[in-house]
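What follows draws every value from the coordinates through simple rules; no lab data is involved. Since the model is a prediction, treat every value here as computed from it, not as a measurement. Glycine also receives a Cβ, built like all others from the backbone with ideal geometry; neighbour counts cover every protein chain displayed.
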Amino acid sequence: MKPISKEQLLEALNWRYATKRFDPNKKIPDDKWQTLERALILTPTSYGLQPYHFIVMTDREKRAELLAHSWNQQQVVDCSHFVVLTARTKMTEADVDKFVSRMIEVRKLPADAAQKEGSQLATYRGMMLGDVVHGSRGKIAHEWATRQTYIALGNLMTCAAVLGIDACPMEGIIPSEYDRVLNLEKTGYATVVACALGYRAESDKYASLPKVRFEASDLIRKI
């Protein structure tokens, strides 16, 4: 892998901002969008369980249904792609076994690798069950899954900036109404946050404002 330079990384992060006005006529090219979807999939999560689901919306008419439940923020309808990030409402043994099966498939392990007592995968499976299903995190499964979802949101926005794509994270929404419009009530997932992506409008005055951040000494402690 050839890393980008530190200057390129900081330039991208300084360039990005929470875009308030998108140009509705500019679309994210398919190849770049596929890259962002892949970036979402590659987001790291606790145990690798990926307890979330992403709804990618490009249909403006369908997005218009969400506008009233988004404080009428025009980014919802004007952006190129609108992503609703949802998290598991609870974790089950089936969720863990689905991930274990995927691990066996990808890493070409024996089909019974998770059934062999004392095997590394069987131990790992037991650890996950004891934590996120039957343990302390299992009792707050949606809260835990929500934290994982925010990792994905941060990853999405950073990757978008590196690709020169604008984004705006949106917590100013009514999750329960999103769940209703998107028919999520019986899916095992619930809306957490949304993100509008596309290209800034020339009329967005916020694009040129200096970025306000505290000094490193206020935020970073070195030991």
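Lys/Arg Cβ at +1, Asp/Glu Cβ at -1, dipole of the range 1-130 taken about the Cα centre: which of ALA94, TYR47, PRO110 is farthest positive-ward?
My answer, from the dipole projection, is TYR47.
Among 15-23, 144-152, how do they line up by average Cβ neighbours within 10 Å per residue, starting with the highest?
The densest-packed peptide leads the list: 144-152, 15-23.
Net charge around TRP15, counting only other residues with Cβ within less than 11 Å of its Cβ (Lys, Arg = +1; Asp, Glu = -1)?
Charge balance near TRP15 sits at +1.
When averaged across all projection directions, what area in nm² does the alpha-carbon convex hull of the chain cover? Display every interim value, and only then the final one.
Values: hull surface 64.6 nm².
If you wrap the Cα atoms of the chain in a convex hull and average its projections, you get 16.1 nm².
If I take all pairs of Cα atoms in the range 16-137, what percentage of them are more than 27 Å from each other?
Of all Cα-Cα distances in the range 16-137, 40 percent exceed 27 Å.
If every alpha-carbon in the range 41-104 counts as one equal scatterer, what log10 I(q)/I(0) does Debye give at q = 0.19, 0.25, 0.26 1/Å?
Each listed q corresponds, in turn, to -0.78, -1.01, -1.07.
Sorted by packing (mean other beta-carbon atoms within 10 Å per residue), highest first, where do 93-103, 49-59 land?
Numbers: 93-103: 15.5, 49-59: 17.3.
Taking the mean over residues of other Cβ atoms within 10 Å, the ranking is 49-59, 93-103.
Cα-based Rg (one decimal) and Dmax (whole number) for the range 78-150, in Å?
Cα only, the range 78-150: 15.3, 54 Å (Rg, Dmax).
If the viscosity is 0.890 mPa s and the temperature 25 °C, what translational diffusion coefficient in µm²/s does Stokes-Einstein give for the range 151-223 when Rh comes from Kirkwood over Cα pairs?
Working: Rh = 15.4 Å.
For the chosen part, D equals 159 µm²/s.
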